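The values are calculated or read from the model by the stated rules, or taken from the named source; none is laboratory data. From a predicted model like this one, the values you see are computed outputs, not experimental measurements. Please note: Cβ atoms are built from the backbone with ideal geometry, for glycine as well, and neighbour counts cover all protein chains shown. These area figures cover heavy atoms from the full protein model, side chains too; ligands, DNA and RNA do not enter into them. Shrake-Rupley method; radii C 1.70, N 1.55, O 1.52, S 1.80 Å.
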Amino acid sequence: MSQFGSDFSANQYGAIVFQGLLEVDQDDLGPTPPNWQGADYDKLNKYGFICSLLHGAVPSKPVQYYAQRKGGGLLHAVIPDEKMAATQTGSGSKTDLYVHTEDAFLLNQADFLSFLYLRNEERVPSTLYSIRSHGAVNENMEKLFDPIYQCPKDANYEDNQMNPGPTASVLYGNRQLPFIRFDAAEQIFNENAGQTPEALYNLTEFWNEAKELINSEYVPNSGDVIFVNNHLCAHGRSAFVAGQREENGKMVKCERRQMLRMMSKTSLIHMRSVTQTDNPYFVMEEHLGNIFDLD
Ligand SMILES: [Fe+2]
């Protein structure tokens, strides 16, 4: 993990899949609650402890974001919610969740993410996409270093239509081996994104190349953990019907999907201007450097 945390090379995809890292006692876990608000953390915290050890080994510190569930703790249960089924959020299910880097609309987005699968009986493929899959930076990718791109706040917000807002670059860091901030759904397919024609053209050209490089082969099993460098690798998942899976051409009932997400930062010092006065693990950034005004 320590090596993964500092490997930004051409050969580093930016995600590690730990298959069968732990055993999840399905009876002890009980039925999946109807939504994340119903999660029982007395049962989940031991799994969170395992995740925190992985983040710690990078080393990176688990943090929480006001922009996601107003914080809601360091560990988030991600559960399909019937009322949110059609949304581009962790609670969605009915539509493909387009690949995105987590919180692309924040300058202090998570550095590392873990996804621990408690159950995935619907056998929903997880998608991963790495900026490294393009090989060398090409002519179109060069244009993505310009800070001209809208990054709308995501669908977890009700008022995500205040565009045009602040802009950012898609690629950043090293010019030859860049990092990426990208959300296909919000930046390209959101009609209210407010991109200029030039920005939208560049994003679309990039997407036409990127979408061919998405890996959607991997179907997580209970006990698997995906660990992601959020600056190299984007994630998403295929559409599914919560609580049903196909068996011999017929849909049969199953327990609904349940996953645990943890996010971490390698430095609390560099983002101190956007964390709570009394809690430097609590990020209050709202949108590309702006801070939530809660008064
Ligand atoms: Fe995500």
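Of the residues examined, VAL225 is one that is touching a residue at least 12 places away in the same chain (Cβ under 8 Å), of a type in the set (A, V, I, L, M, F, W, C) and within 21 Å of PHE112 (Cα to Cα).
Scan region 61-74 for residues that are more than 20 Å from HIS231 (Cβ to Cβ), away from the ligand (no atom under 14 Å from the Cβ) and of a type in the set (Lys, Arg) and report the count. Counting residues in region 61-74 that are more than 20 Å from HIS231 (Cβ to Cβ), away from the ligand (no atom under 14 Å from the Cβ) and of a type in the set (Lys, Arg) gives 1. Of the residues making up region 179-197, just one is charged (D, E, K, R) and more than 14 Å from ALA168 (Cα to Cα), namely GLU191. A count restricted to region 75-93 and to residues that are within 16 Å of the ligand (Cβ to nearest atom), hydrophobic (A, V, I, L, M, F, W, C) and open to solvent by 20 Å² or more (accessible area, probe 1.4 Å) stands at 1.
On the stretch given as region 216-250, residues that are open to solvent by 20 Å² or more (accessible area, probe 1.4 Å) and in contact with a Lys or Arg (Cβ under 7 Å, 6 or more places away or on another chain) total 6. Evaluating ASP295 against the criteria (1) modelled with pLDDT of 95 or more; (2) open to solvent by 50 Å² or more (accessible area, probe 1.4 Å); (3) part of a loop (DSSP other than H, G, I, E, B) leaves one unmet condition, (1). Does region 193-211 include one or more residues that are within 15 Å of the chain's Cα centre (by Cα) and either of a type in the set (S, T, N, Q) or in a loop (DSSP other than H, G, I, E, B) (or both)? No, every residue in region 193-211 fails to be within 15 Å of the chain's Cα centre (by Cα) and either of a type in the set (S, T, N, Q) or in a loop (DSSP other than H, G, I, E, B) (or both). Cβ-Cβ distance below 6 Å, separation of 6 or more or different chains: which pairs start in region 1-21 with a residue that is within 12 Å of VAL58 (Cα to Cα) and open to solvent by less than 60 Å² (accessible area, probe 1.4 Å) and end on one that is of a type in the set (A, V, I, L, M) and assigned to a loop (DSSP other than H, G, I, E, B)? So the pair list comes out as MET1/VAL58; GLY5/VAL58.
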